1. State yes or no: is F159 buried (at least 17 other Cβ atoms within 10 Å of the Cβ), of a type in the set (F, W, Y) and within 26 Å of S43 (Cα to Cα)?
2. Quick check, is A205 part of a loop (DSSP other than H, G, I, E, B) and either on the phi < 0 side of the Ramachandran plot or of a type in the set (V, I, T) (or both)?
3. Of everything in the stretch 289-330 that's assigned to a helix (DSSP H, G or I) and away from the ligand (no atom under 16 Å from the Cβ), which residue is surrounded by the fewest Cβ atoms within 10 Å (Cβ to Cβ)?
4. Out of (1) under 25 Å from N486 (Cα atoms); (2) out of contact with any helix residue (DSSP H, G or I) (no Cβ under 7 Å at 6 or more places or on another chain); (3) not aromatic (F, W, Y), the odd one out for Q127 is which?
5. All but one of (1) buried (at least 16 other Cβ atoms within 10 Å of the Cβ); (2) over 16 Å from V251 (Cα atoms); (3) more than 10 Å from the ligand (Cβ to nearest atom) hold for T208, so report the exception by its number.
6. Return yes or no: is V285 more than 12 Å from the ligand (Cβ to nearest atom), within 22 Å of the chain's Cα centre (by Cα) and buried (at least 24 other Cβ atoms within 10 Å of the Cβ)?
7. Starting from the stretch 358-369, take each residue that is in a loop (DSSP other than H, G, I, E, B) and list its partners that are among the aromatic types (F, W, Y) and modelled with pLDDT of 90 or more, counting only C-beta distances under 9 angstrom and pairs at least six apart or across chains.
8. Determine if the stretch 447-455 includes at least one residue that is of a type outside the set (G, A, S), closer than 30 Å to M305 by Cβ and either over 31 Å from the mean Cα position of the chain (by Cα) or surrounded by 15 or more Cβ atoms within 10 Å (Cβ to Cβ) (or both).
Amino acid sequence: MPAALDPLPGASTSATTATTATTAPERDAAECGRVGEALLALSPALDAFVRFDTPDRTVRERDVWLPRLDVALPDAGAGLDTVLDELALAIDQGCRVSHPGFSGFITTGATTSAVASATAAAVAGGQRYLLHAFNTLETVGLRWLAEACGVPAGWEGVFSGGGSIANLLALGAARQWTFEQRGVDVAQSGLPAGVRTRVYTSTEAHRTIHRSGAVLGLGRDAVREIPTDSRQRIDVRALDAALTEDAAEGVVPLAVVGIAGTTNTGAIDPLDDVVEVARRHGAWVHVDGAYGLLAAADPDVRPLMSAVADADSAIVDPHKWLATGVGVAATYVRHDGVLTRAFAEGDAAYLEGSFSLDLSGVASQFDSMGTPWADMGVELSAPPRGVHVWAVLREIGLDGLRARIARDNGYAREVTRLATEHPRLEALTLPDLSVACFRYRPQRGVGDGLDALTGRLLQRLRRETRFAPSSTVVGGALAIRPCYINPRTTLDDVRGLVDAVVGLGDDETARA
Ligand SMILES: *Cc1c(COP(=O)(O)O)cnc(C)c1O
């Protein structure tokens, strides 16, 4: 529990200095200072959380914490000290995706420099617009990230809240550009009637590609899924054939989406070939690198990703492998101005005229919006995000990032090796990146029940061990699927998961 704070001299939530114009108290009920003190009060709970030395009690202890947090909307505010007490409780029962044993989905929590940058941004980075240090760090973060990922320096970039929006922006740019080639400004006049368009991507594509199709007025059905090879990579011949077939029917190819690290298995599409085929058909090439593109920082992986430089757009999620904490994605587009033509908010009385008309230079941070990020995406008010990318890369450098990528990819290979060598385990993929897929396979009684057994093992892992991978389906088989991006995970955690699967699997088959 945080220590109670001394009230500021003269502060009182019941101050009721009436003026002639209003009967409201002059002093706001919210504490506006004492930031450091408040953070200090939370620090024991924060430090205890990231030690992860207690098991997950969140569901078991729901009757303890839920009634304290889920209360009726109060008329009388409880004050900052109560909020801090209750925040400490929420932290204690918080979201444990940063736990070293958690390897589910593709997510992890912020490391400490990103916690610090989030705090700094919350206090002093009120908006990403206007001319101040956080506006500058937006540019620096985009530049550093592009360099780490092999995205060419001249591309325009913009941060958004996640890969979902980042993909939407890239495909929105593709839609704008594709129709501009045909003399139509879609952002202004909408999709022309009677034109069929399609987006091409593999069956392994993230569903946010389909959702982008829905939002952009193309429809989910406009996403044509191309089969993959035995290693979950897009079948380039099938892609070529699909584009040829559709062209004969007058379908306009809006984009071909290559995946730099699929969400299911971490497969990297053959991006060189994808670019070559798409170019032949005159289609925009988008690289969905939400998860994997940061792996281009590792010289061993870079050649598999270098074709991103020949694409038209790419996205990457620093909130995945860079562990900045959620809410940080970047979209990059090769062609100047397309994002703005697709997404500009438009002139508005509440903006135009608010800035300096003195063209000789700016003198106040309020003289200019700075880089107009708001016109390159779908958010006006938005928190600065470059600061988190900057903070983590400033802290660990490219060397630290390369080491993280190499270590995590090595973890996936280690799981695969152990599963291949163990008589009762089976590896279901050969990892390109840091996702491994495997299952327990008893020697006797192998039959249709394998998926059900895998499902039981996944449940028992979550409930009885400190390991929480997630699952996916590979070639029709339910797989245990750890994805290693968590900077806290060690080789012990990696081997521990495999041992736990063997132990629980043996126990299940002994009972059967
Ligand atoms: C995670 C992911 C997304 C979606 O990103 P969010 O940040 O979760 O919105 C899109 N594409 C791929 C390949 C992903 O792995």
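1. Taking the combined requirement at face value, the residue does not satisfy it.
2. On the way: part of a loop (DSSP other than H, G, I, E, B): yes; either on the phi < 0 side of the Ramachandran plot or of a type in the set (V, I, T) (or both): yes.
Taking the combined requirement at face value, the residue satisfies it.
3. Going through the qualifying residues, I end up with P303.
4. That leaves (1) as the condition not met.
5. Among (1) buried (at least 16 other Cβ atoms within 10 Å of the Cβ); (2) over 16 Å from V251 (Cα atoms); (3) more than 10 Å from the ligand (Cβ to nearest atom), T208 violates only (3).
6. So V285 fits the description; yes.
7. Partner pairs satisfying both residue conditions: S368/Y129; M369/Y129.
8. Restricting attention to the stretch 447-455, the residues satisfying the condition of being of a type outside the set (G, A, S) are 448, 450-451, 453-454.
Retained after the next criterion (residues that are closer than 30 Å to M305 by Cβ): none.
So far as the stretch 447-455 goes, no, none of its residues is of a type outside the set (G, A, S), closer than 30 Å to M305 by Cβ and either over 31 Å from the mean Cα position of the chain (by Cα) or surrounded by 15 or more Cβ atoms within 10 Å (Cβ to Cβ) (or both).
The values are calculated or read from the model by the stated rules, or taken from the named source; none is laboratory data. Bear in mind the structure is a predicted one, so any value in this text is a computation, not a measurement. When we count neighbours, we look across all protein chains shown, and the Cβ atoms used for this are built from the backbone with ideal geometry, even at glycine.
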